[in-house]
Structure formats: structure tokens, C-alpha cells
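The values are calculated or read from the model by the stated rules, or taken from the named source; none is laboratory data. Small disclaimer: the values here were computed from a predicted structure and weren't measured. Virtual Cβ from ideal backbone geometry, glycine too; neighbours counted across all protein chains shown. To get the accessible areas, we keep the full protein, side chains included, count just its heavy atoms, and leave off ligands, DNA and RNA. Shrake-Rupley method; radii C 1.70, N 1.55, O 1.52, S 1.80 Å.
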Amino acid sequence: MSNTSALAVAAQHSMVNAPTVPDSWQHKHLLGLEHLSAEEITLILDYAEALHAATLNGRKKLDLLKGRTIANLFFENSTRTRNSFSLAAKRLGADTVEFSSSGSSVAKGETFIDTAKTIEAMLVDAVVVRHSSAGTPHMLSKHLGCSVINAGDGPHEHPTQGLLDILTIRQHRGSLAGLTVAMVGDIAHSRTARSNIWGLLKLGAKVIVCGPATLVSKNWEKLGVEVSYSLDKILPRCDVLNLLRIQFERQAIRPFPSVHEYTLLYAMNQERIRRSKADILIMAPGPINRGVELTPEVADGPHSVILEQVTNGIAIRMATLWLLLGRPNPTNV
Amino acid sequence: MQTHSTWLFENARLIDPSCGMDRRGRLLVVDGLLAGIDVSDEDVPAHAERWDVQGCIVAPGLFDLSTEFGEPGREEDETIVTGTLAAVAGGYTAIALSSNTDPPIDTAASVEFIRQKGARADNCRVYALGCVSKHQQGESLAEIGSLVEAGAVALSDGPRPIENTGLLRRALEYCSMFDRVVFDHPEIASISRGGVMHEGMEQLVLGLSPIPAEAEDLATARDLRLIEATGGRLHLTSISTSGSVELCRRARARGIPFTNGIYVANLHLVDTLMRSFDANCKVSPPLRSQDHVDACLEGLRDGTIDIISSGHRPCSLEKKMLEIDAAPFGMIALETALSQVITYLINPGILSWCDAMAKMSWNPAKLLGQSGGTLQRGKPADLIVIDPDRKWKVDATALQSKSYNTPLNGMELDGVVLATLVNGRKRWACK
């Protein structure tokens, strides 16, 4: 979507003058993309572009969420997602509280629910949660009164990452319908893959998951996803490649013989770019392992939109915060 | 609590799984012993308390082989007092307590501790299971002879599987000297380690670590082969996969002697419940997909599965408030097991009352060579009175168990235990 049409959307939703959250948005939390409709996903994408435009590409601070407080509750290391949420909150005029702690609650002696309740008692309006264990934001949403935003729960979902990936594709191709998007790498341990799969399928894209058989379940086919173990075979058909990081930290047992062998089979390099479609988009959720999932030439090459993804991340997170907190008296849905 | 032990139950539906009886009649209990069915009036002592149980079932008390409490060592989960109270509230008149305590029950003194605590609690009969391996560490045999001498009714490292095949083989051989059964929780841990839920579509979507069905299938196959090889006695505590059921069915057809059990959770709860990320749904064996549940029900129906166990495994509230990866496995079940069986097996017609009671009382009692599971004259009057038509709603906080970890909270179930009698003495009466 161009900036002109983004501004049109902003005007249509009275974004700049009398901002209101549309009635078509009725969620209190953003826990994943699995249970959002295509319309709801599109709404977030549209608002992301509108808010990005309204902040004059990040140069102007809005006061849409003035007086609201957002807590970043990160139980797992993160720099980009945490900073992205912080910046998004600040560009909307909200205050932020940062809490980070690594390790599970067993190691700390305080349950993560108690930690979250403590933060909530500081009267925050939303908590942004990242945790190495799947389902933690869902558990928090049952124990807290405020909004909960999933910033990545184990290998389960990372909805804002899925949304920013999809927004980046839409900006380049106009629409997702009919595009072939391949997620390459460690699908089993990837929350980014899961959120992308739900979002892409709902918006009409064809999705391929590709990687070593120990990390790519055949069962994905039952959800209408193509499963492939050969990047070279699917390469000529792909419009977009999303190169997932190998999550060494989540793999209890090394699922492939060596990084060397992995790069031979799945790394995106110049030679593979030559066998791709001329306008292929190369994406990566980051942090990227240069030389593992992709070579530096590809990461910095003309097909790469990796840094645009980062910029879009802030826009998506602004839209998310605004939709969840933008009503004066949020309805509890 | 009443100590009266002479009763006449009138207008009862009497179910005796030890002889396949299910008919109307009156049942006499004199001084704590079963004294016959359809006795004439002159045989009824004058001091007998008459109870007209029209519309209700009188059956032998339930006998559980897979109960875990926390005492000693984890009293925050369950003590022998609270746990046995939960047992009688659920219709159990006898339980075999897991050796999984801290320290584990691997010495004669600890067996004695369990038996004394059980006797002092004076709720239901409490039997002790001894460890198969020292400290339950799965390496070398515990002093099984001493454990048996002290009163251990069977040997078990449960809920841990006996991973070491050599150890299991030795245990089967060694226990045959004492005519004791070895219990194994069939699971190949090198396949399932780190797993949280049943591997399948739900698990794929949720991104939780998998417990593949074949981890159980392979252990079942191994165990059955070892029974054949050693002639030892083995009980598979917890069957939950279609593969296990099929292996057991074939083993029965070949005449291999063994017993097996299923936990009530695996009778009707499925892996889709994990979508709630409620740690109370994290149990072992894991909640499987519907096709596995269906295969287990067929196994119960055709006699492939002998025994229905509670799988009662209490965990204090704070332990289940952890992330699903970190929370311990287990659910409490003593107080819901019978109603789960009535609701999901008896009322839908999968098992008759008599068959269901056999799997919950007569078969487990027979397996351990203990009394129970019968209405036969002269045996101790361990009885339950059940109102099969009354419904109730599970309220975890209102149960007798010290812990609340059940995924059934809020669910409506059929069948209420009106009274539980042990040695003819009423140890539980429904309010």
C-alpha cells in the first residue's frame, strides 16, 4: 500500500482528527494469529500503515495513548522485539516499563504469574510478554485484568512478527493472494513460522514449509501447507523466502548432522538467487546467522527486505497497541 | 463417624463382579463381614441397621493400583490422611500407594511407615508398593525381599518407567521368587524425554514438545516380550495408545499371562484440551487424540484391558501455576474416577456395570492377591452405595483431596457415592 492510500485509510478511520477504534475490532488480547480472521489481520495491516504515515515515518510523536502504560515483560532474551515494542509505545505517547528476566520461574523461585501480577499492580494497561514456554501469554490472560500481547511464546506463536512479515510482502506485491511463500529452516521450533502460516493461509497465499525432515513435520500437509525437504526443488516456484534462524537453544538434540551440511542444503546464496524468480523477496525474522541461513551477499543484496521488516515491526506494534488500548473504556472480550 | 458394622441393605441393585451377578436383592452385613444375599428375616440380627437403598447400587468398594500421595516428603501435595479421605469419598475401599515419595519406598522401614500411617488414618485399606530399584534410580534392584517381608504388595518405580531393560528382566526373575507383580509404566524415555503432550496435530500447532505414541508402544512390546522370556509377572500400569492396545490384544491371543491398566483421564479426555494451556491437563500418559481414546475404549470392551486405575497424582496449586513446560505431570482422580467411568463407559453402553466394577475392584484385588471386589459371604464388608442417576458438578476446591489439580473442574458427571463402608464401618457418607 502506498503512503497516499495509507493516508486515505487514516482519514477514513478518522485517525488523525478524532481517533476511534473501529467496532470491527473486538479483542482485548493479541495472543496469536490462529484465531484472527482475514478481516482482522487486514485491519491491523491497514492501521500499521496509517499510523506509520501519521507519525511521518517515525519523525513525529502522537499522543493517541497518552497516559497509558505498557509493560514489557521479557522472560527470554530479546533486543529487537523489546525495543520495537518500546518505540511503538513511545511514538503513540504511552509510557513503558521494562522488566526482563531470563530462565523459568522454577529457577527464580517466583512464578511468572506472580511476577506478572506484580507488574500489573503497578497499574499498567497492557503487558507485552515473551517467554520460552508455549502458552504463557494465554495463562497470563486468564490471571490478569489488563491486555496481554504475545511477543513470542516458545515455539508457539509470535503474532506481531507474522504480521510484520505479511505487511512487508504486501507492500511489495500489493496482495498476498496467489503468492507462493516458503518458510525455510527450523519449522518445528519456530513461532515465527506458525504465526506466518496462519496469517498467510487466511490471506490466500500458498505456503511451503521447507527444511530437514527432523524439523519439518509431514502433518503440516493436513493444514493445507506444502511440505518439502529440498530448497532447490521449490526454489523456482517461490515468490518469497522467509529464512528462519536455526534455534540451537531450543533443540535438545541436534536434529541435523552439522551446520556445514545444513548450509549446503538450505542456505540462500548467490548461486541459488540465480535459480530463483527474478523478483524473489528474501526475508528473515532475525537475528540472522550470516553464513548459516543466508550468505552476506544475499542478506545485503537487492532481493533482501530484512531491514524493511524491522521498520514495519514498529508500525505493526503501534497498530496492535492502538487497537487494544485505543478505546476509552475497553470492552472485555 | 459411625462405627456400627451390622447392616441390612434392602431393595438394592447388587453387583458382584467376582461372580458376574447384577440383580435386585437384600444384602446382610454382620459385624463387618458380608453375611449373604437374600437372607431370610430370622437371619437378620435385631441390631442390624436397615437401609432401604431403592434405586441405588450396592457394589464392592473400588480398589486402586495407581494412587500417589506426597507423604513422606511432599505433604504439600497430599498426606495419607487427606488422600485416604479422598479415596473413600470416591468409593475406594483399598489403594496401593505409589513408591514415588521423598525418600522413595525402598526400605522395609518405609513400607512400615506407609502401612502404619494408613492404619492410623483409618479411612480405607492402604497397601504399599515397594520400589523396583534402589532410590527409584533405575540402576540396581532394591531389597525386594525385605520390602515384601515388610508388606509391599507389589513392586513399582512408577510413575517412572523402568527404562533399563536389563534391570526389568532381573526384576521379573527376582520377584517371581516372592510371587509379586512388577508394575511398569510403559514409556521409552529416550523418545519422550522433555515432552509435554501427545505428538500430533494439536501438538504441532501449539509448538509444545512431543510425547510420541511409539514411546509407549515400544515399551509395551518390550515388556510383553520379557514376560514371555522370563515367565515373570508384570502389570502395565497405564495403556493409552492404539498401538499398545493392539500389542496387548495379540499377546492375549497368544496366551501370554499379564495384566494392564488404563488411567481414567485417558478414557475420555483428549489432547485438544491442551489448547487451554492449563497445566492441569498435563498428565502422564498424556491426553491422546480421539483415535487413541477410541482404541482404548474398544480394548476395554473386548477385554484387552483388565483394570481401570485412578492415576491420582496430586500437585499443589503453586506447582501447577508454572509454565506448562515446567509444571509437573498429574491430576487428582480418586474422587472423580467412578463418575468418569459411569459417565463415559457405563452410560454410553461401552461397559456393563458388572464389567466396569470388575475392572475397578475385583481384577485389581485379584492381581494383588488381596481381599476385595466381591460380595461373597464371609469376606470383609468393603462396600459402596452408589446413586447412579444423581448428577454432580465437579468443584475442585470442594473435594477432599489436598490438591485441586483436575481438568474436570466445572464439569457435570453422573453418579454419586452415597456411602463407603470398610469392614462394615461407614467411612464416608455423602452430605
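Odds and ends about this structure:
- Flag for A:Leu223 being away from chain B (no Cβ under 14 Å) and touching a residue at least 12 places away in the same chain (Cβ under 8 Å): no
- Failed condition for B:Ala119, given (1) more than 17 Å from the chain's Cα centre (by Cα); (2) closer than 20 Å to B:Leu155 by Cβ: (2)
- Taken over the range B:385-406, the criterion of being among the acidic types (Asp, Glu) and without any contact (Cβ under 8 Å) to a residue 24 or more places away in the chain is satisfied by B:Asp395 alone.
- Of the criteria (1) open to solvent by 40 Å² or more (accessible area, probe 1.4 Å); (2) within 20 Å of B:Cys124 (Cα to Cα); (3) over 18 Å from the mean Cα position of the chain (by Cα), which one B:Leu85 fails: (3)
- Among (1) part of a strand (DSSP E or B); (2) open to solvent by 10 Å² or more (accessible area, probe 1.4 Å); (3) of a type outside the set (D, E, K, R) - the single one B:Pro161 does not satisfy: (1)
- Every pair of residues 6+ apart whose Cβ atoms lie under 8 Å, when the first sits in the range A:50-77 and is more than 23 Å from A:Asn150 (Cβ to Cβ) while the second is buried (at least 21 other Cβ atoms within 10 Å of the Cβ) and not aliphatic (A, V, I, L, M): A:Thr55/A:Arg91; A:Gly58/A:His52; A:Gly58/A:Arg91; A:Lys61/A:Arg91; A:Leu62/A:Arg91
- Pair list, Cβ under 6 Å, 6 or more apart: the range B:263-292 residue more than 25 Å from A:His35 (Cβ to Cβ) and without any contact (Cβ under 8 Å) to a residue 60 or more places away in the chain, other residue hydroxyl-bearing (Ser, Thr, Tyr) and open to solvent by less than 10 Å² (accessible area, probe 1.4 Å): B:Asn266/B:Ser240
- Selection within the range A:32-62 - open to solvent by 40 Å² or more (accessible area, probe 1.4 Å) and not hydroxyl-bearing (Ser, Thr, Tyr): A:His35, A:Glu39, A:His52, A:Leu56, A:Asn57, A:Arg59, A:Lys60, A:Lys61
- The range B:259-276, residues that are of a type in the set (D, E, K, R) and touching a Gly at 6+ places or on another chain (Cβ under 7 Å): B:Asp271
- Of all the residues in the range B:332-346, those that are in a loop (DSSP other than H, G, I, E, B) and open to solvent by 10 Å² or more (accessible area, probe 1.4 Å) number 1.
- Condition met for A:Ala182 (touching a residue at least 60 places away in the same chain (Cβ under 8 Å), open to solvent by less than 30 Å² (accessible area, probe 1.4 Å), among the small types (Gly, Ala, Ser) and not in a helix (DSSP H, G or I)): yes
Here is a yes/no grid of residues against (1) modelled with pLDDT of 95 or more; (2) part of a strand (DSSP E or B):
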| position | (1), (2) |
| --- | --- |
| B:Ala46 | no, no |
| B:Leu65 | yes, yes |
| B:Leu85 | yes, no |
| B:Val88 | yes, no |
| B:Thr93 | yes, yes |
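Every residue, every condition in (1) within 14 Å of another protein chain (Cβ to nearest Cβ); (2) surrounded by fewer than 19 Cβ atoms within 10 Å (Cβ to Cβ), yes or no:
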residue: B:Glu318; (1), (2): yes, yes
residue: B:Met321; (1), (2): yes, yes
residue: B:Gly330; (1), (2): no, no
residue: B:Pro348; (1), (2): no, yes
residue: B:Leu351; (1), (2): no, no
residue: B:Ala365; (1), (2): no, no
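- Considered as a group, the residues in the range B:188-201 that are open to solvent by 40 Å² or more (accessible area, probe 1.4 Å) and either in contact with an Asp or Glu (Cβ under 7 Å, 6 or more places away or on another chain) or not polar (S, T, N, Q) (or both) include one that is nearest to A:Lys222 (Cα to Cα), and that residue is B:Met201.
- Residue in the range A:166-177 that is at the interface with chain B (Cβ under 9 Å from one of its Cβ atoms) and of a type outside the set (Lys, Arg) present: no
- Flag if B:Ser242 is more than 24 Å from A:Met139 (Cβ to Cβ), out of contact with any Leu (no Cβ under 7 Å at 6 or more places or on another chain) and crowded, with 24+ Cβ neighbours inside 10 Å: no
- A:Ser195, sole failed condition from (1) open to solvent by 50 Å² or more (accessible area, probe 1.4 Å); (2) closer than 22 Å to B:Met201 by Cβ: (1)
- Being within 24 Å of the chain's Cα centre (by Cα) and either away from every other protein chain (no Cβ under 13 Å) or open to solvent by 10 Å² or more (accessible area, probe 1.4 Å) (or both) is not true of A:Ile253.
- Considering residues of the range A:124-136 that are of a type outside the set (Gly, Ala, Ser) and under 13 Å from A:Asn72 (Cα atoms) only, the residue nearest to the other protein chains (Cβ to nearest Cβ): A:His131
- Looking only at residues in the range B:188-235 that are of a type in the set (Asp, Glu) and either within 14 Å of another protein chain (Cβ to nearest Cβ) or closer than 29 Å to A:Arg194 by Cα (or both), the one that is nearest to the chain's Cα centre (by Cα) is B:Glu216.
- Residues of the range B:124-152 classified as surrounded by 21 or more Cβ atoms within 10 Å (Cβ to Cβ) and assigned to a strand (DSSP E or B), total: 8
- Restricting the range B:285-304 to residues that are surrounded by fewer than 24 Cβ atoms within 10 Å (Cβ to Cβ) and part of a loop (DSSP other than H, G, I, E, B), the residue that is nearest to the other protein chains (Cβ to nearest Cβ): B:Ser289
- Residue list for the range A:106-123, filter: within 24 Å of the chain's Cα centre (by Cα) and at the interface with chain B (Cβ under 8 Å from one of its Cβ atoms): A:Phe112, A:Ile113
Each row is one residue, and each column tells you yes or no for (1) within 14 Å of another protein chain (Cβ to nearest Cβ); (2) assigned to a strand (DSSP E or B); (3) in contact (Cβ under 8 Å) with a residue 24 or more places away in the chain.
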{"site": "A:Arg194", "(1), (2), (3)": "yes, no, yes"}
{"site": "A:Ile197", "(1), (2), (3)": "yes, no, yes"}
{"site": "A:Leu200", "(1), (2), (3)": "no, no, yes"}
{"site": "A:Val209", "(1), (2), (3)": "yes, yes, yes"}
{"site": "A:Lys233", "(1), (2), (3)": "no, no, no"}
{"site": "A:Pro236", "(1), (2), (3)": "no, no, yes"}
{"site": "A:Asn242", "(1), (2), (3)": "no, yes, yes"}
{"site": "A:Glu261", "(1), (2), (3)": "no, no, no"}
{"site": "A:Arg272", "(1), (2), (3)": "no, no, yes"}
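Here is a yes/no grid of residues against (1) open to solvent by 70 Å² or more (accessible area, probe 1.4 Å); (2) more than 24 Å from the chain's Cα centre (by Cα):
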position	(1), (2)
A:Leu231	no, no
A:Asp239	no, no
A:Leu243	no, no
A:Ile246	no, no
A:Ser258	no, yes
A:Leu265	yes, yes
A:Met268	no, no
A:Ile273	no, yes
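- Qualifying residue in the range B:165-176 (condition: open to solvent by 40 Å² or more (accessible area, probe 1.4 Å) and either without any contact (Cβ under 8 Å) to a residue 12 or more places away in the chain or not assigned by TED's automatic domain parsing to the domain that holds B:Gly232 (or both)): no
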